[in-house]
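See structure below.
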Ligand SMILES: Cc1cc2nc3c(=O)[nH]c(=O)nc-3n(C[C@H](O)[C@H](O)[C@H](O)COP(=O)(O)OP(=O)(O)OC[C@H]3O[C@@H](n4cnc5c(N)ncnc54)[C@H](O)[C@@H]3O)c2cc1C
């Protein structure tokens, strides 16, 4: 192992998606020492996303973005950006490295020790070895599976009926009915989820669907049938296949414990109706950084970290709303 591994850091961020990158950016800008690890060999790849983000995403995320981070802005949707997530996340990680964050790819957190009143020890799997570090705060930003928070005793299990399986294609050289707007369709077979066409260029789109996890095995034939039936695009060829899943449940009510905050989809901060989680990731990562900075060195017990929940309150209201809209759509469709 050639890398110099930090024995101790202020904050360990696990997961370099929108939540972890945003947290690391805001922490480092305020002078904290940060270790950011991601299990993927290359941060940002493969993308598992339709890449549609809110208009103020970059402002919340905290990075000035070069043009290649955005594939397209959709005029029909108040110029909402369709990101290039690989370029955005790998580019943001490179900027963090230059700012002094220790960024390590291909490195999975595999063990988390008890909080000793000041820090938590963490163990990683990295290049066949098991390096360790200690951190005053761990930010669990490890996405849908949310194993890191579970290691700290937070119950992040979900009812499988509240998970969404997704399959999408990046289709290039196609003719789009409207290259400046998205199209959502709600065929009963996907209830309560949907089929989407998100233009990512004048002649390319991310085309996919979400469906209840227990029907995930049928995703490919259903997607291909819906693609053949829709009038929102024609022609083209599949350049990339994207698979993933997300929880469509309520957010974690208490997303913190001693020495640990949960951010992004790991905390179920994803709109259950729309499957929108990029903005929620960046917002909660930013607020996780803010919650840590507000402790001002006093300590990182659960009581010290509790203001995190209040910082997130406006987002919680939107997430409850999304969850109930999703439930309502499900019931309406099920009862004709
Ligand atoms: C098919 C699909 C389409 C979607 N489309 C959209 C969309 O158009 N717009 C939108 O807003 N949202 C969309 N979403 C949701 C969005 O992708 C997520 O909500 C968002 O990525 C959450 O960001 P995050 O930072 O919380 O987690 P993630 O982006 O999932 O990042 C978590 C990271 O943690 C790493 N990790 C996991 N475990 C460990 C470990 N033990 N050690 C180290 N690293 C670890 C992973 O490698 C990963 O890189 C979509 C989701 C899917 C599945």
> Mind checking the angle between helix 219-229 and the chain's longest principal axis? C-alpha axes, 0 to 90 degrees, to the nearest 10.
Replying inline: 40 degrees
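Sorted from fewest to most neighbouring beta carbons within 10 Å, what does the list 248, 232, 284, 90 look like?
90, 232, 248, 284
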> Hey, fewest Cβ within 10 Å first, where do 183, 329 land in order?
Replying inline: 329, 183
>> I'd like the orientation of helix 18-29 relative to the chain: the angle between its Cα long axis and the longest Cα principal axis, in ° from 0 to 90, rounded to 10.
In response: 40 degrees
>> If neighbour count is taken as other Cβ atoms inside 10 Å, put 173, 304, 38 in order from fewest to most.
In response: 173, 304, 38
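Using DSSP, restrict attention to beta bridges with both residues in the chain and report what percent are antiparallel, rounded to the nearest 5.
On the way: 49 of 65 bridges.
Looking only at bridges with both residues in the chain, the antiparallel portion is about 75 percent.
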> Ranked from highest to lowest mean number of other Cβ atoms within 10 Å per residue, what is the order of the peptides 194-201, 213-220, 95-102?
Replying inline: 194-201, 95-102, 213-220
> Using alpha carbons only, how many degrees (0 to 90, rounded to 10) separate the axis of helix 85-99 from the longest principal axis of the chain?
Replying inline: 20 degrees
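Any read-out appearing in this document is the output of simple, stated calculations on the displayed coordinates, not a laboratory observation. This structure is a prediction, so every number in the text was calculated from the model and none was measured. Every residue, glycine as well, gets a Cβ built from its backbone with ideal geometry; the counts of neighbours run over all protein chains shown.
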